[in-house]
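A.B. asks: Encoded as structure tokens, here's the structure I'll be asking about.
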Amino acid sequence: MKRRFLRKQKGLSLIESVISSGLVLFMLSSSFLVINSTIKTSVNTEKKTLLAEQLDKKIDYYILTGRFSTSSVDNNTFTQTKSSNSKLAKFIGKNNDFGITVSKEVIKYGKSA
């Protein structure tokens, strides 16, 4: 009688171990996905901030000189396009690696408000 009970217990502990191992693996994979998502969001935010800073520097140069430099910086491209308002100039910065785009509009050089 005791042997039969012990054999059932051995099988039961094996099943419990398999279930708990499965739960642990599920929790680890879920944690990995959350951490990976957080890192991706952080990297994208940092890249967007750096792109905006570089675009601001180029716009500052435009405000001082009237010329916008379209030269690439760190695989970021910059362009000047027409704005919907004729008194404004629109500038676009694009990060080619991450597909991030930032645009800003400022009063055209030499124009008064």
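The values are calculated or read from the model by the stated rules, or taken from the named source; none is laboratory data. Just so it is clear, the model here is predicted, and its values are computed rather than measured. Every residue, glycine among them, receives a Cβ derived from its backbone with ideal geometry; neighbour counts consider all protein chains shown.
A.B. asks: What tally of residues in segment 71-113 results from selecting those that are in contact with an Asp or Glu (Cβ under 6 Å, 6 or more places away or on another chain) and part of a strand (DSSP E or B)?
C.D. replies: Going through segment 71-113, the residues in contact with an Asp or Glu (Cβ under 6 Å, 6 or more places away or on another chain) turn out to be 75, 83, 88, 90.
In the following step, the residues that additionally are part of a strand (DSSP E or B) were identified as 88, 90.
Count: 2.
A.B. asks: So is residue 70 loosely packed, with under 14 Cβ neighbours inside 10 Å and touching a strand residue (DSSP E or B) at 6+ places or on another chain (Cβ under 9 Å) or not? Give the derivation first.
C.D. replies: Numbers: loosely packed, with under 14 Cβ neighbours inside 10 Å: yes; touching a strand residue (DSSP E or B) at 6+ places or on another chain (Cβ under 9 Å): yes.
In short, yes.
A.B. asks: Another one. Give just the number: which of (1) exposed (fewer than 13 other Cβ atoms within 10 Å of the Cβ); (2) modelled with pLDDT of 95 or more; (3) part of a helix (DSSP H, G or I) does residue 47 not satisfy?
C.D. replies: Condition (1) is where residue 47 drops out.
A.B. asks: Would you call residue 84 polar (S, T, N, Q) and modelled with pLDDT under 95? So that I can check it myself, show each step before the final result.
C.D. replies: Working: polar (S, T, N, Q): yes; modelled with pLDDT under 95: yes.
Here the answer is yes, as residue 84 does meet what is asked.
A.B. asks: Cβ-Cβ under 7 Å, sequence separation 6+ or interchain: first residue in segment 50-77 and in contact (Cβ under 8 Å) with a residue 12 or more places away in the chain, partner buried (at least 17 other Cβ atoms within 10 Å of the Cβ) and among the hydroxyl-bearing types (Ser, Thr, Tyr). Which pairs?
C.D. replies: Pairs found: 68/62.
A.B. asks: Give all pairs with beta carbons closer than 7 Å in which a residue from segment 80-92 that is touching a residue at least 40 places away in the same chain (Cβ under 8 Å) meets a residue that is surrounded by 15 or more Cβ atoms within 10 Å (Cβ to Cβ) and among the charged types (D, E, K, R); count only pairs at least 6 apart in sequence or on separate chains.
C.D. replies: The qualifying pairs do not exist here.
A.B. asks: Moving on to the next point. Run residue 27 past the list (1) surrounded by 10 or more Cβ atoms within 10 Å (Cβ to Cβ); (2) within 30 Å of residue 110 (Cβ to Cβ); (3) among the aliphatic types (A, V, I, L, M) and report the number of the one that doesn't hold.
C.D. replies: The single condition residue 27 does not satisfy is (2).
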